[in-house]
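Read the structure below first, then the notes.
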Amino acid sequence: MFLLIGLCGCKAEGDVLSSIENILSKSMEKEEYRINNHMNYYSYYLPSDMGEDPLDSDSVVIKYNDSKIIMNVNVNGIINARYYKDKYLKDDGFFVEDKLIYSKKGKYLSYDESEKDYVYKLYKYNSLYIIHLYTSDMNYYGTATYTDLEELSRQIMIIAKNTEVDTNAVTAKYSKIDVIDYQKKQINLFDTIMPVNGELGSMLIEGAVIGDGSNQVEEIENTEE
């Protein structure tokens with residue numbers, strides 16, 4: 001199932017989106033690479049043409065040409081999967097939805113041959129593209145140039161399919177209050193990969209920067225009654 005939203009008659013952009021659709025349609029194909037990087041809560045494969053810059057124990061910036069990706073643990077997804085299974089895969093709801101030009105959700109085949117859910121969303125702000133791929137245990141936020149868009153989408157999916165997450169360690173570390181703090185942290189992390197002339201405020205839903213994450217906490221609390 002996918003959603004393709006008005007492209008203003010831009011044929012070249014439409015061709016790129018068709019290519020991305022083709023990439024994602026192959027998500028259930030086996031694509032195994034040797035895991036070569038390790039963080040506190042997860043290990044992952046990093047393609048040789050990409051660089052990395054760890055930010056903290058669960059976040060890293062991945063660089064590809066002039067584009068960047070924030071990769072970090074989906075704490076909210078992991079905790080909800082443990083306690084509130086029907087709502088574990090949930091968008092952070094940061095970005096203005098009228099900037100959404102493409103969306104697809106489905107399953108991918110992980111390195112260990114398990115099936116995992118994902119949602120891929122692509123936003124456009126003037127000439128800047130924002131990729132948000134979120135899975136049951138990881139989040140990927142990317143700022144992409146038009147020329148990098150197709151290949152960056154391919155690489156993000158390869159990384160996602162070859163990432164191993166210690167969900168028990170994540171669940172043990174993060175409390176309900178930590179989830180609130182974690183949601184706020186996403187905004188700050190995303191700001192680190194914005195181009196110099198990027199206007200973060202115009203991309204976010206009003207109030208997202210100061211959102212208290214109460215809905216995520218309520219979901220968890222409902223399971224403990």
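Listed here are the pairs 68/105; 121/185; 26/68; 26/173; which of them are more than 31 Å apart at the Cα?
Cα-Cα > 31 Å for 26/173; rest within.
Label residue 96 and residue 65 with points 7 Å out from Cα along Cα→Cβ: what is the distance between them in nm?
Calculated label separation equals 2.6 nm.
Tabulate in residue order the Karplus-calculated ³J(HN,Hα) for region 140-155, using 6.51 cos²θ - 1.76 cosθ + 1.60 with θ = phi - 60°, rounded to whole Hz; enter x for Gly and Pro.
Per-residue couplings from phi come out as 10, 10, x, 9, 10, 7, 4, 5, 8, 4, 5, 5, 5, 4, 4, 5 Hz.
Order the peptides 46-54, 67-75 from the highest to the lowest mean number of other Cβ atoms within 10 Å of their residues.
Packing order, densest peptide first, comes out as 67-75, 46-54.
Work out from phi, with θ = phi - 60° and the Karplus expression 6.51 cos²θ - 1.76 cosθ + 1.60, the ³J(HN,Hα) of each residue of region 33-49, listed in order in whole Hz, and give x for Gly and Pro.
After applying 6.51 cos²θ - 1.76 cosθ + 1.60, I find 10, 6, 5, 10, 9, 9, 10, 4, 10, 7, 10, 7, 8, 10, x, 5, 8 Hz.
When the accessible area of region 88-171 is computed with all protein chains present and a 1.4 Å probe, what percentage of it is carbon and sulfur?
44
Using per-residue counts of other Cβ atoms within 10 Å, averaged over each peptide, order 98-110, 17-29 from highest down.
Going by the mean number of other Cβ atoms within 10 Å, highest first, we get 98-110, 17-29.
Can you list the HN-Hα couplings for region 122-136, worked out from phi with the Karplus curve (6.51, -1.76, 1.60; θ = phi - 60°), rounded to whole Hz and with x for Gly and Pro?
So the Karplus estimates, Gly and Pro as x, are 10, 10, 10, 10, 6, 9, 9, 10, 10, 9, 10, 10, 10, 10, 5 Hz.
The values are calculated or read from the model by the stated rules, or taken from the named source; none is laboratory data. Remember, it's a predicted structure, so these values are computed and weren't measured experimentally. Methodologically, a virtual Cβ is constructed for each residue, glycine included, from the backbone with ideal geometry; neighbour enumeration extends over all protein chains shown. With ligands, DNA and RNA removed, areas are computed over all heavy atoms of the protein, side chains included. Shrake-Rupley method; radii C 1.70, N 1.55, O 1.52, S 1.80 Å.
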